[in-house]
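Asker: Take a look at the following structure, please.
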Amino acid sequence: MAELVDDFGAFQELAPDERAQPVDGPLGWPGYDAARARAAESTGERESVVCGVGHVGGRQAMLIAFEFGFLGGSLGERTGDRLVAAHEAARAARLPVVSLIATGGSRMQEGMRALVQLQRVAAESARTRAAGLPQLAVLRDPATGGGWATLGAGADVILACPGAQIGFAGSRVRPADADPVAYRAESQLATGHVDQIVPPERLPATLGAWLRLLSATGGPPAAPPEALRAPADGSPTGGEPPRGGWSAVERARAAERPRAGAYLDAHFEEYQEISGDRCGGVDPGMRCGFGLREGRTIAFAAQCGTATTPAGFRTAARLVRLADRLGIPVLTLVDTPGAANDADAERRGAGAAIADCFAAVAEARVPVTTLVVGEGGSGGALALCAPGDTWVTADSYFSVIAPELAAAILKRRPEEVRRTADELRLRPQDLVELGVARGVVPTHARGSQSP
């Protein structure tokens, strides 16, 4: 932990109030006291976790560090006492909690008295969550068992060291034919259970950035970012709303127009992204995270022009709920031809995921602002839209259904798609007139500054 803590912010360890234990622990496990004594001598610690207040990246936080050399970083009663005290102190001082996890699970020598510490830890984490304080986890090697399933997987933001073993099952208790790759950090990232993999040398800076972003909370609604650049020569875009419905569709589908990444890069001085739905899925076409804009943090959920999968909707809902709990306003960027509707999407719960995203936006107590930057394809786009605070760019459209699909449903010929687009009234100016959007955000030339 010493390599994480800033020199100017000396680490102040919480004084442990350790309960007395009977000889060889609650189970009278032969040799347990001797094993603890050897662990203390080899590590210089009296327990498997050290808790205290320190500065990371210039930000004060409650730090919980596991010492794997002390009985495999296992959790016992005294470990539970320290974790409870750390969360209580964090809430009293209004500090974020950062857990540096390296553990093999609950301590066998204390039996069920050790296992029930997971309930205590989960309860304290829930209280800290209800207090509106962020919790970050750093998964070292290994992060398994109850430590992963409480402090690790239950954190708001989860960072992992490259190659770290991560999983509920430790290496000695997995099925004999288990694929070891599934228990590595890289696999956990790919399946939506970890937000970022961070090399050790970058960990102080990355943690500092996250603490900085999650501390600059509150403030008025997020302003919709303006369009970022002039179109390439020959592009139909140019800042003026399109004249016809099909022209609006073509402009929204044009490869030259700005995409979500350009908006994020131009709008925020810095930002960090979360990844995955925590249910086994990742959608590369949904970018979610927190960015710093003029000294305050804004959460963002941005579609990237692809059909949004169930994992994408669940990730966006996760982002909105986290921002709401931390008191951070939300900006959503809408750009999708629609929700993914293939068989795999249905198997993965497309309807439930879209419903959950609608619910997260509807339930949010913080301001939510939406900018439609490209295609607004039906309910898959509307799920991210803020009722009453949705804006559109001149390079966008929004429709109850794509013109081609509308024509097919109405049994019209292909050459009637353009007329159908006009009748759908999907242009930016139509959306304002219909009361769906508050206004059209103009396109600015490349290099222009925000108003």
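The values are calculated or read from the model by the stated rules, or taken from the named source; none is laboratory data. Remember, it's a predicted structure, so these values are computed and weren't measured experimentally. Because the Cβ atoms are built from the backbone with ideal geometry, glycine has one as well, and the counts that use them run over all protein chains shown.
Asker: Look at the range 298-313 and say how many of its residues are surrounded by 24 or more Cβ atoms within 10 Å (Cβ to Cβ) and within 23 Å of PRO221 (Cα to Cα).
Answerer: The number of residues fulfilling the criteria is 7.
Asker: Can you find a residue that is touching a residue at least 60 places away in the same chain (Cβ under 8 Å) and in the same structural domain as ALA131 (by TED's automatic domain parsing) anywhere in the range 39-57?
Answerer: yes
Asker: Would you pick out the residues in the range 190-213 that are out of contact with any Gly (no Cβ under 8 Å at 6 or more places or on another chain) and hydrophobic (A, V, I, L, M, F, W, C)? Even if it seems obvious, please write down each step before you answer.
Answerer: Initial filter on the range 190-213 (out of contact with any Gly (no Cβ under 8 Å at 6 or more places or on another chain)): 190, 196-203, 206, 210.
Hits for the range 190-213 are ALA190, ILE197, VAL198, LEU203, TRP210.
Asker: Only one of ALA345, ALA323 is free of Cβ contacts under 8 Å to residues at least 60 places away in the same chain, surrounded by fewer than 24 Cβ atoms within 10 Å (Cβ to Cβ) and of a type in the set (Gly, Ala, Ser); which?
Answerer: Working: ALA323 fails: surrounded by fewer than 24 Cβ atoms within 10 Å (Cβ to Cβ).
When all the criteria are applied, what remains is ALA345.
Asker: Only one of GLY338, GLY276 is crowded, with 23+ Cβ neighbours inside 10 Å, small (Gly, Ala, Ser) and either over 24 Å from GLY388 (Cβ atoms) or touching a residue at least 40 places away in the same chain (Cβ under 8 Å) (or both). Can you tell me which?
Answerer: Details: GLY338 fails: crowded, with 23+ Cβ neighbours inside 10 Å.
Only one candidate qualifies: GLY276.
Asker: Let me ask something else. What are the residues in the range 266-275 that are outside any strand (DSSP E or B) and either in contact with a strand residue (DSSP E or B) (Cβ under 8 Å, 6 or more places away or on another chain) or at positive phi (or both), if any?
Answerer: Taking the range 266-275 first, the residues outside any strand (DSSP E or B) are 266-269, 275.
Within the range 266-275, HIS267, PHE268, GLU269, SER275 meet the criteria.
Asker: Considering only the range 77-108, state which residues are out of contact with any strand residue (DSSP E or B) (no Cβ under 8 Å at 6 or more places or on another chain) and assigned to a loop (DSSP other than H, G, I, E, B).
Answerer: The first filter runs over the range 77-108 and keeps only residues out of contact with any strand residue (DSSP E or B) (no Cβ under 8 Å at 6 or more places or on another chain), leaving 77-78, 80-81, 84, 88, 91-92, 94, 108.
The answer is ARG94, and nothing else.
Asker: Confirm whether GLU363 is in contact with a helix residue (DSSP H, G or I) (Cβ under 6 Å, 6 or more places away or on another chain), at pLDDT 95 or above and of a type in the set (D, E, K, R). Break it down into steps so the answer makes sense when it comes.
Answerer: Values: in contact with a helix residue (DSSP H, G or I) (Cβ under 6 Å, 6 or more places away or on another chain): no; at pLDDT 95 or above: yes; of a type in the set (D, E, K, R): yes.
In short, no.
Asker: Among the residues of the range 88-120, write down those that are under 27 Å from PRO200 (Cβ atoms) and in contact with a Lys or Arg (Cβ under 7 Å, 6 or more places away or on another chain).
Answerer: Across the range 88-120, the qualifying residues are LEU100, ILE101, ALA102.
Asker: Scanning the range 376-418 for residues that are buried (at least 24 other Cβ atoms within 10 Å of the Cβ), of a type in the set (A, V, I, L, M) and not in a loop (DSSP other than H, G, I, E, B), which turns out farthest from the chain's Cα centre (by Cα)?
Answerer: Here the answer is VAL392.
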